[in-house]
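The values are calculated or read from the model by the stated rules, or taken from the named source; none is laboratory data. The shown structure was predicted, so the numbers you read here are calculated from the model rather than taken from an experiment. For neighbour counting, all protein chains shown are included, and Cβ atoms are generated from backbone atoms with ideal geometry for every residue, glycine included.
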Amino acid sequence: MRIRTDWKGAVCLGLSLAVFSLAACGGPGGPAVSHLSKRAFVSDDFDGSLHIENAASDVESGFTIATGNQPGTMVLSPDKSITLVFDAGDVQLAVVSNSSESVLGRILLPNVSTGYVSMADNTVGFVAVPNCPAASCSGFSNVVEVVDLATTFNVTGTVPIAQVATTLVLSPTEKKLLVFGGPGDHQDTLTVIDVAAAQTTPATAATQLASPSFDRPVSAVFSSDGTKAFILNCGAECGGSAASVTVLDLTTTPPTPGAPIPVMAATTGLLNGSTLYVAGSPLGFGCAGASPATTATSCGTLQAVDTGTLTAGAPITITDGSHDHMELGSDNQLFIGARTCTNVSTMSETRGCLTIFGTVTSKVVVPPVNFDVTGIAPISSRTIVYVVQGGELKIYDTSTSPPSLTPTQIDVVGKAVDVKYVDK
């Protein structure tokens, strides 16, 4: 992270005699677009913009999109045509057109949100709003708001739910929306929202599910056909009893949870074919036998769950912390990111919150970069993965053995928060 002064203004002033530069800086020609074939957006909550990185050559393009005060977490629409950007400073959601590289509209929210999704038609979105002020959200304290992403850019419906809504997971068929509570919500429940009903009769669109098969559910991973959801039960890590994965059958009304599949920990997951990878930090789990060896005394685990036999493989030791990012890069390299991990900096070892696991080789790599991981974005058709860690953008090459930082890195002048690859 390198804090800057008003560098954009200086660049525009220095190039003011060039017509193209006037357009790029918002001159008479209007905002210009980058015309890059491969782009990554990096949110910067220092200067209030998205940096557009050239993801074909890993260089700073110089193009930005002004989105608000403190842009942070981003969500891509299913077709990658729009990006939703949450702005914690203004408590709003910016709707960005990826083609025109401009803000289409801004949706003011009644409270800070950590969960939001977009429908495939890019006209409707859903936002989880926990602890809503009494004067807002139709008088309910915890809701999922239905928002217009195309014309009015406002709230069009309110779905009341029982728990403190923090995480939303939309099925690939877009028929069901799963809602999960946060760390302070100790209900062994989740909410299923009928997406069609939420847009017409939102007051009755939600069904709360409680089951002995749930133990602090925090998120889910859907099967490709949307008929099943693999519920990630945080268990003891979130104040419950035991972590597990529960298969939720969505072909029944109401959906039916199966028996829990025991795992060491489960706060984030990724489905690759018939294998579900889950990661988390079991309480009191040490680092004995970790490879590579570490002086850290607390570690996390990664496990592979066979979705056919519904059994979990042996735990693999990874970094500890609160795991909330998992992406599969090229060369079968699985990137797992965490926050608030045990950072280690000694004469012989530096390790932070990122783990890279070879799903074929079973080799674990912990790069020597400290601090929280807040964004991971594999670049398609390349052996490159962008990672935001500690406010910096880091670029990894999965073709090297082991995967490592590339010789040339992009210096995001400011404080990077999240990264998304926005092209197909």
Sort through 201, 189, 173 and tell me the only one that's more than 24 Å from the chain's Cα centre (by Cα) and surrounded by fewer than 20 Cβ atoms within 10 Å (Cβ to Cβ).
201
Name the pairs: first residue in region 186-204 and without any contact (Cβ under 8 Å) to a residue 40 or more places away in the chain, second residue of a type in the set (Gly, Ala, Ser) and in a loop (DSSP other than H, G, I, E, B), Cβ to Cβ under 6 Å, at least 6 apart or on different chains?
194/205; 197/205
Show the residue pairs that are 6+ apart or on different chains and have beta-carbon atoms under 6 Å apart, the first residue being within region 75-90 and farther than 24 Å from residue 38 by Cβ and in contact (Cβ under 8 Å) with a residue 12 or more places away in the chain, the second being of a type in the set (Ser, Thr, Tyr) and surrounded by 17 or more Cβ atoms within 10 Å (Cβ to Cβ).
86/73
Checking the condition of a type in the set (A, V, I, L, M), part of a loop (DSSP other than H, G, I, E, B) and in contact with a helix residue (DSSP H, G or I) (Cβ under 6 Å, 6 or more places away or on another chain), which residue from 259, 296, 265 passes?
265
Applying the selection to region 48-91, what residues are of a type outside the set (S, T, N, Q), surrounded by fewer than 19 Cβ atoms within 10 Å (Cβ to Cβ) and over 28 Å from residue 126 (Cβ atoms)?
56, 59, 60, 62
If residue 122 passes every condition in (1) modelled with pLDDT under 90; (2) at positive phi but one, which one does it miss?
(1)
Within region 284-304, can one find any residue that is in contact with a Pro (Cβ under 6 Å, 6 or more places away or on another chain), of a type outside the set (Val, Ile, Thr) and farther than 18 Å from residue 359 by Cβ?
no
Could you figure out which of (1) aliphatic (A, V, I, L, M); (2) closer than 15 Å to residue 329 by Cβ; (3) in a strand (DSSP E or B) isn't true of residue 417?
(2)
Take the conditions within 22 Å of residue 109 (Cβ to Cβ), surrounded by 19 or more Cβ atoms within 10 Å (Cβ to Cβ) and out of contact with any Pro (no Cβ under 6 Å at 6 or more places or on another chain) and apply them to residue 179. Does it pass?
yes
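Filter region 52-81 down to the residues that are among the polar types (S, T, N, Q), farther than 25 Å from residue 149 by Cα and assigned to a strand (DSSP E or B) and list them by number.
54, 61
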Go through the residues of region 390-413 one by one and say whether even a single one is in contact with a strand residue (DSSP E or B) (Cβ under 8 Å, 6 or more places away or on another chain), under 24 Å from residue 341 (Cα atoms), among the hydroxyl-bearing types (Ser, Thr, Tyr) and surrounded by 21 or more Cβ atoms within 10 Å (Cβ to Cβ).
yes
Would you check if there is a residue in region 268-285 being assigned to a loop (DSSP other than H, G, I, E, B) and aromatic (Phe, Trp, Tyr)?
yes
Hey, among 302, 270, which residue is modelled with pLDDT of 95 or more, on the phi < 0 side of the Ramachandran plot, under 17 Å from the mean Cα position of the chain (by Cα) and not small (Gly, Ala, Ser)?
270
Within region 153-165, residues being more than 18 Å from residue 91 (Cβ to Cβ) and either touching a Ser or Thr at 6+ places or on another chain (Cβ under 8 Å) or surrounded by fewer than 19 Cβ atoms within 10 Å (Cβ to Cβ) (or both) number 5
Which one is surrounded by the fewest Cβ atoms within 10 Å (Cβ to Cβ) among residues in region 237-257 that are in contact with a Lys or Arg (Cβ under 9 Å, 6 or more places away or on another chain) and farther than 15 Å from residue 226 by Cβ?
241
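So, in region 35-60, exactly how many residues are closer than 17 Å to residue 413 by Cβ and small (Gly, Ala, Ser)? Walk me through how you get there before you give the answer.
Let us first name the residues in region 35-60 that are closer than 17 Å to residue 413 by Cβ, namely 40-54, 58-60.
Adding the requirement that they be small (Gly, Ala, Ser) leaves 40, 43, 48-49.
Adding up the residues that qualify gives 4.
Kindly provide the set of residues from region 86-100 that are part of a strand (DSSP E or B) and over 16 Å from residue 150 (Cβ atoms), ordered by number.
86, 87, 92, listed by residue number.
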Checking residue 214 against (1) closer than 19 Å to residue 117 by Cβ; (2) not in a helix (DSSP H, G or I), which single condition isn't satisfied?
(1)
Any chance you could count how many residues in region 218-256 are of a type in the set (Ser, Thr, Tyr), part of a loop (DSSP other than H, G, I, E, B) and under 21 Å from the mean Cα position of the chain (by Cα)?
2
Which listed residue, of 338, 290, 279, is touching a residue at least 12 places away in the same chain (Cβ under 8 Å) and surrounded by fewer than 23 Cβ atoms within 10 Å (Cβ to Cβ):
290
Out of the residues in region 182-224 meeting the condition of being in contact with a Cys (Cβ under 8 Å, 6 or more places away or on another chain) and of a type in the set (D, E, K, R), tell me which one is farthest from residue 326 (Cα to Cα).
215
Please determine whether any residue of region 98-112 is of a type in the set (D, E, K, R) and at pLDDT 95 or above.
yes
